[in-house]
Each structure stands twice: as C-alpha cells, then as structure tokens.
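Enquirer: Structure in structure tokens, see below.
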DNA sequence: GCAAAAGTGTTCACCGTACACCCATGC
DNA sequence: GCATGGGTGTACGGTGAACACTTTTGC
C-alpha cells in the first residue's frame, strides 16, 4: 500500500543526542552503529522516521527511538533544532527534528553497555566519523548544553542520586571544557541552597572519602523555571 | 499527479514570527488574515507549506513566505522551535518549523501598511485570537527574544540606521516588558563600545533634540558571536 | 610516611543598582 | 515661562576571580 499526496513532501525524522557521564565524570554521547545503508557500519545518533500510524508526537517519537535503540527511558529530553538541508540524506529529502537528552549513565547504561556492537558511549572529545550531518547536530547540542548550564541547574539528570562535590565540579568542567576553581565553584553552589548534605561519606576509595550530597529537588525545579546566572 | 510513499508522512510547514518596532518603539508582530479555511478570516502567522519543487531549505522557505505574504526581504531570521502536535491543524498532521525575524519596520513596513486587510502589525501586548496554535508560537518567540537580549546584542535589526538613546532604551523596555534606569542603561551600552556617536541631532521634535547614534557593525557582529552578559 | 584527594578564607577589582537635578529646545 | 524629553555622577553592596595550605584516609 502506498500513501499519496497532491504535493511531494519531505520525510520527517527525529534524532537524539544523548549525554551521559562515565565514572570519571567525562561527558559522553551515545551512538549507534548503522546496520543498513546509507552509511552502513558508520556511527550515528539514535533516531528514526516519524511513524504516523503510531499516533505519536515528535517528542514521543524521540523517546520511542531511544527506548528501542538504546534501552533508555524516563529521561530529560528537550528539542534542540530542526535540520532540513536538502542533501543531508543521500536517499531523499529528510528533515530531522533533533532532541538532546541527559541521562544518569549509571542507571541507564544497560543496553548500551551490554550490546557494544550496536550502541556505545563515546567521549565528546573523541568522537568517530559520524553519518549524515550528525557531527553538526552534536556540535549544536554541546553548544546548547554549555549555554544552558549558565542559566539553569543541570546535574540532577546526569549524576547519581548521591554524589560528591568533586563529581559535580568535574561535570561542569566536562561540559564547559575548562578547569574551574574548587573553592569558588563550591561557594557558588552553596549559595544557591540547592544541595542537601546527606551526612554520609563515600566508601571504597583509596584516599580521604568525600561527603555525599543530593539535590534539593523542589529548589531544583524552581530554579529551573526561574533560571539564574551562573557565571564561571 | 500524486506523490506516493511507502509510509504516511506528515506535512511540513514553516511559520514566522516577525517582530518590528513602531514609531513609539512598541514591539509589534506581523499577522496575516487568512482567506481560506480552516480558520478563515482569523489572524495567523505568515507561513506555508514546504515546496519540494522549489529546491529550497527550511530557511529559504521561511524567507519566501515572508516575501510573498508580507513583502519583507533581507531580514534577520533564526529558527525558533518545531511544533508537531498531531492536532494542531484540523485537516491533517502538519509539523511546523517556526522561525522568528527582526525587521526594521520603517524600512520594511510597505506591504503590510498598504494592504491592511491582508497583513497588519499588532502590538505584542494586544494580539487578536490567532489561528491554529499560533499564540503558543508567539509566546515562545517572545520568550526567546527576552532571553536573547541578555547575551547578544539586538537592535541593529529593529532600529533605523540612525537612532537615539531613548529609542534604544524603549526597544529594550518593550522587549523585556519592564522599565529600565536611563543612566545605568546608558552606561552599560557605552561600556560595550558598540555605538558610534554621529555628531548629529534629530530634527522635527518639539523639545530638545537628542543625539543620533549608529551601531558599530564590526563590533556588533563580533559581540553576536562572542556573546556577553547583559544584566539589567 | 607518603600519596591522593578533600576541605577551607581572604582580598581585590569590577559591576549592577539606586537615586535627582539641570539643560536645551519649541511653543 | 513652561512643558517635554535629553543628558549627566556618585556611593554602596555584591559577586566573580585569584590564590595555598592543612586534613584525612589507604596503602
């Protein structure tokens, strides 16, 4: 069966840039190895075509693809940009609505870790050649994340429930691509009244254990709406 | 002739939120009165369907629609967001890539002004009922503009070549929806080294004439790339 | 005791903010 | 001379930025 329209129309797809942190708080992106042409065997962003039969919105489609291709669910997801150059797909004109996602890697890495030939995490500073215009999409996503970090809290979505100050700092350093001053960073965060001191320390480290913190979720959500100015 | 595809696909359109300033430096938006159903006679954003036969990109399509429907050309245009709810168009599923534009109204108001029944400027604070989900698009565009103003220079695109300080200030007040302190605003702008004192004064006013300024274009473009922090 | 990371204060410069009066012009 | 908007400076508080040493733990 074929679907016919009076005028030709481009295909519509969604692609997702999924950010996660590894155990060294390095920023990583989830990529999928393509099994079909074009760009067979190349690494690409998880994503796929909109399926009208599924009665889903753009964001639903993004979530579905992430679930199917990478096994991640219930994550922070936000629209990034729509890429519509005519030649970005060699087959035909495909406009793609790109999303970016933040996931807590320690809780969501299952599929990607167990089936390494299909999905794999790559450091943002050391990505392979990507299919289509996906490098451009990744660049835009990183830029967005760098900007976002300056006026909204992030971290909640990327870090485990309990975390240390240095994990938080390394997260910011990883996103911003620059070293930060420990004391200034600490003071800034303390002044936001965003962290809860759990009165616990981490275990299993070969040095002085650090105190553990969690986010004050209410305050976190409020700051997300209201925004702030995080200059570093 | 019909165009057929193996899977159904949504239609793709572009819509534009065109901002301009009137002679009182009030922020306005350009709307078009629809001549066809659905939403016949309602006001709507200029826009239309992607035409694959025209070999145009998304942004090209946005520019084409603006030219055809409102007679504006060569303007600042930036992608805003893609709206894809299934029921946003009663006819069928139409995903729309929204753009927003900044125009110098004194140089671009021709078509809209001469054919008032078709295109008209409306104050952002007093918009009519809009067709489709266009109010939502407008809201998002205003929000974007308010944010943008804080980290990038704008004004160049909205103001005439020569302008006074108070025009610039009213522009910012209009976008931000709040009064600003004259002296602080002035100092802030002066410190950016963005304005060129033209050593001219305005004429035809019934009070002390104000000095005229223009933007230092090079500096303007540089600041746009680099960004700044404009706290007010 | 030594390696490794945690934890902790102070000083300075800059900038955002609040605030009020005189000036130049047209009528 | 009066109405209208144009034009100007200062003081205070807050915050970003630079900077180094001691503490705690595991080995």
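The values are calculated or read from the model by the stated rules, or taken from the named source; none is laboratory data. Nothing here was measured: the structure is a model prediction, and the numbers come from that model. Methodologically, a virtual Cβ is constructed for each residue, glycine included, from the backbone with ideal geometry; neighbour enumeration extends over all protein chains shown.
Enquirer: Any idea which of B:152, B:135 is away from DNA strand D (no atom under 16 Å from the Cβ), under 22 Å from the mean Cα position of the chain (by Cα), more than 14 Å from every other protein chain (Cβ to nearest Cβ) and under 26 Å from residue B:122 (Cα atoms)? Don't jump to the end; show me each part of the working.
Expert: Values: B:152 fails: more than 14 Å from every other protein chain (Cβ to nearest Cβ).
Going through B:152, B:135 in turn, the sole match is B:135.
Enquirer: Next up: Give segment A:1-41 a look and list any residue that's more than 14 Å from every other protein chain (Cβ to nearest Cβ), in a loop (DSSP other than H, G, I, E, B), over 30 Å from residue A:165 (Cα atoms) and touching a strand residue (DSSP E or B) at 6+ places or on another chain (Cβ under 7 Å), or say none.
Expert: A:34, A:41
Enquirer: For residue B:186, state whether it is more than 10 Å from DNA strand C (Cβ to nearest atom) and farther than 20 Å from residue B:121 by Cβ.
Expert: On the way: more than 10 Å from DNA strand C (Cβ to nearest atom): no; farther than 20 Å from residue B:121 by Cβ: yes.
So residue B:186 fails the test.
Enquirer: Scan segment B:85-103 residue by residue and report those that are in contact with a helix residue (DSSP H, G or I) (Cβ under 7 Å, 6 or more places away or on another chain) and at pLDDT below 95.
Expert: B:93
Enquirer: Further, regarding this structure: Only one residue in A:170, A:161, A:182 is more than 21 Å from the chain's Cα centre (by Cα) and at pLDDT 90 or above, so which one is that?
Expert: Details: A:170 fails: more than 21 Å from the chain's Cα centre (by Cα); A:161 fails: more than 21 Å from the chain's Cα centre (by Cα).
On inspection, the qualifying residue turns out to be A:182.
Enquirer: Something else about it: Would you mind telling me which numbered condition in (1) more than 16 Å from DNA strand D (Cβ to nearest atom); (2) surrounded by 13 or more Cβ atoms within 10 Å (Cβ to Cβ); (3) under 17 Å from residue A:230 (Cα atoms) residue A:143 fails?
Expert: (2)
Enquirer: Taking the criterion of being over 30 Å from residue A:176 (Cβ atoms) and away from chain B (no Cβ under 14 Å), would at least one residue in segment A:42-51 satisfy it? Quick ask: steps written out before the conclusion?
Expert: Restricting attention to segment A:42-51, the residues satisfying the condition of being over 30 Å from residue A:176 (Cβ atoms) are A:48-51.
Among the residues that remain, those that are also away from chain B (no Cβ under 14 Å) are: none.
For segment A:42-51, residues over 30 Å from residue A:176 (Cβ atoms) and away from chain B (no Cβ under 14 Å): absent.
Enquirer: Are any residues in segment A:55-78 at pLDDT 90 or above and within 14 Å of chain B (Cβ to nearest Cβ), and if so, which ones?
Expert: A:58, A:59, A:60, A:61, A:62, A:63, A:64, A:77, A:78
Enquirer: Return only the number of the condition from (1) at pLDDT below 90; (2) under 22 Å from residue B:146 (Cβ atoms); (3) near DNA strand D (Cβ under 9 Å from one of its atoms) that residue B:206 does not satisfy.
Expert: (2)
Enquirer: Confirm whether residue A:212 is surrounded by 12 or more Cβ atoms within 10 Å (Cβ to Cβ) and touching a helix residue (DSSP H, G or I) at 6+ places or on another chain (Cβ under 9 Å).
Expert: Working: surrounded by 12 or more Cβ atoms within 10 Å (Cβ to Cβ): yes; touching a helix residue (DSSP H, G or I) at 6+ places or on another chain (Cβ under 9 Å): no.
Considered against the rule, which asks whether it is surrounded by 12 or more Cβ atoms within 10 Å (Cβ to Cβ) and touching a helix residue (DSSP H, G or I) at 6+ places or on another chain (Cβ under 9 Å), residue A:212 comes out as no.
Enquirer: For residue A:159, state whether it is assigned to a loop (DSSP other than H, G, I, E, B), under 22 Å from residue A:66 (Cβ atoms) and assigned by TED's automatic domain parsing to the domain that holds residue A:88.
Expert: Numbers: assigned to a loop (DSSP other than H, G, I, E, B): yes; under 22 Å from residue A:66 (Cβ atoms): yes; assigned by TED's automatic domain parsing to the domain that holds residue A:88: no.
Considered against the rule, which asks whether it is assigned to a loop (DSSP other than H, G, I, E, B), under 22 Å from residue A:66 (Cβ atoms) and assigned by TED's automatic domain parsing to the domain that holds residue A:88, residue A:159 comes out as no.
Enquirer: To continue, here is another question. How about segment A:173-188: which of its residues are away from DNA strand D (no atom under 12 Å from the Cβ) and not in a loop (DSSP other than H, G, I, E, B)? Break it down stepwise before answering.
Expert: Step one: filter segment A:173-188 for residues away from DNA strand D (no atom under 12 Å from the Cβ), giving A:173-175, A:177.
Passing the criteria: A:173, A:174, A:175.
For (1) free of Cβ contacts under 8 Å to residues at least 12 places away in the same chain; (2) within 14 Å of chain A (Cβ to nearest Cβ); (3) more than 14 Å from DNA strand C (Cβ to nearest atom); (4) closer than 18 Å to residue B:105 by Cβ, each residue gets a yes or a no:
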position: B:159; (1), (2), (3), (4): no, no, yes, yes
position: B:172; (1), (2), (3), (4): no, no, no, yes
position: B:182; (1), (2), (3), (4): no, no, no, no
position: B:190; (1), (2), (3), (4): yes, no, no, no
position: B:202; (1), (2), (3), (4): no, no, no, yes
position: B:205; (1), (2), (3), (4): yes, no, no, no
position: B:218; (1), (2), (3), (4): yes, no, yes, no
